[in-house]
1. Residue 177 versus residue 71, label points 7 Å from Cα toward the beta carbon: distance in nm?
2. What Kirkwood hydrodynamic radius, in Å, does segment 62-169 give when the mean of 1/r is taken over all pairs of distinct Cα atoms and then inverted?
3. If a paramagnetic tag sat 7 Å from the Cα of residue 48 along the Cα-Cβ line, which residues of segment 156-182 would have the backbone N under 15 Å from that point?
4. Please compute the contact order of segment 37-185 in relative form: average sequence separation of alpha-carbon pairs under 8 Å and at least six residues apart, divided by the residue count, as a percent.
Amino acid sequence: MSDSYSFVKGGKLKLKGSKHKKKKSKKRKHEDDEETPGSSGVDKTDVTLHDGWWTVSKFGQVTGNVCLELAERRYMFAKDNGRLVLGPQREGGPEPEEILTAVKVDDTKVAFKSGYDQYISVDSGNMVVGRSMAIGTKEQWEPVFQEGKMALSGSNGCFLSADEDDDVVCLSKVAGDSEMINIRCNLSLEVDPKAGVPTEERGSLKDAEINYVKKFQSFQDRHLKISSEDKTMLKKARVQGTLHETMLDRREKMKADRYCK
């Protein structure tokens with residue numbers, strides 16, 4: 001399925017009134033996205049008011065059960081006919097009809113599945129609906145974070161918001177006040193989502209390769225032997241689930257593994 005997304009490339013999106021800033025390096029962005037959600041920077045009072053649902057602040061936190069808060073304690077509500085509307089103001093967290101499942105598509109885009117097991121998308125009339133059974137280009141959404149605010153860009157290049165009739169739409173190509181929303185998650189702040197990831201692989205791919213070389217190299221000459229080949233292969237291998245085999249092949253070429261023949 002990932003091949004069908006390869007031609008979809010999101011451009012740089014600017015929020016209304018934003019100022020030009022120096023471009024962050026891709027390496028630093030990746031490290032930011034991989035950070036574990038924790039109590040740092042989280043408003044505990046806000047979390048309590050929303051029954052434990054906290055506001056995500058980076059792409060890597062958009063995972064598992066989420067809800068879209070379009071106004072104060074008012075969440076996107078899915079109806080059984082596929083319509084998506086702005087729900088009434090809640091005393092705390094969202095109702096079941098307002099809870100979505102976030103599915104990562106690539107490094108910048110996600111898809112959202114409603115409780116009716118259908119993905120939300122933008123239709124030909126720029127209405128946001130939940131009627132898709134699979135993820136295609138129209139079901140891909142790009143969260144945009146800037147200066148502590150967040151907006152959600154749809155497949156038509158417009159930002160998600162609610163209109164005066166409380167219908168959820170994607171109409172504006174500029175993210176103004178109406179397009180500022182919160183994605184909230186109820187993943188426990190005390191749970192480390194990397195708990196099942198080997199310690200050696202919790203950093204960047206470069207760090208992971210160095211960690212495994214240190215783990216398996218015999219160190220006869222007291223020098224690390226790191227492959228100088230392009231790390232693009234490692235990125236593809238991680239997606240395909242063959243990272244260990246690929247790194248072993250690279251160590252074998254360098255004769256940097258005591259278990260290699």
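1. Each label point is offset 7 Å from its Cα along the Cβ direction, giving 1.3 nm.
2. Final number for the Kirkwood radius of segment 62-169 is 13.8 Å.
3. Of the residues in segment 156-182, none has backbone N under 15 Å from the label point off residue 48.
4. Answer for segment 37-185 is 24 percent.
We did not get these values from a lab; they are worked out from the coordinates using the rules stated. Bear in mind the structure is a predicted one, so any value in this text is a computation, not a measurement. Note: ideal-geometry Cβ built from the backbone for every residue, glycine included; neighbour counts use all protein chains shown.
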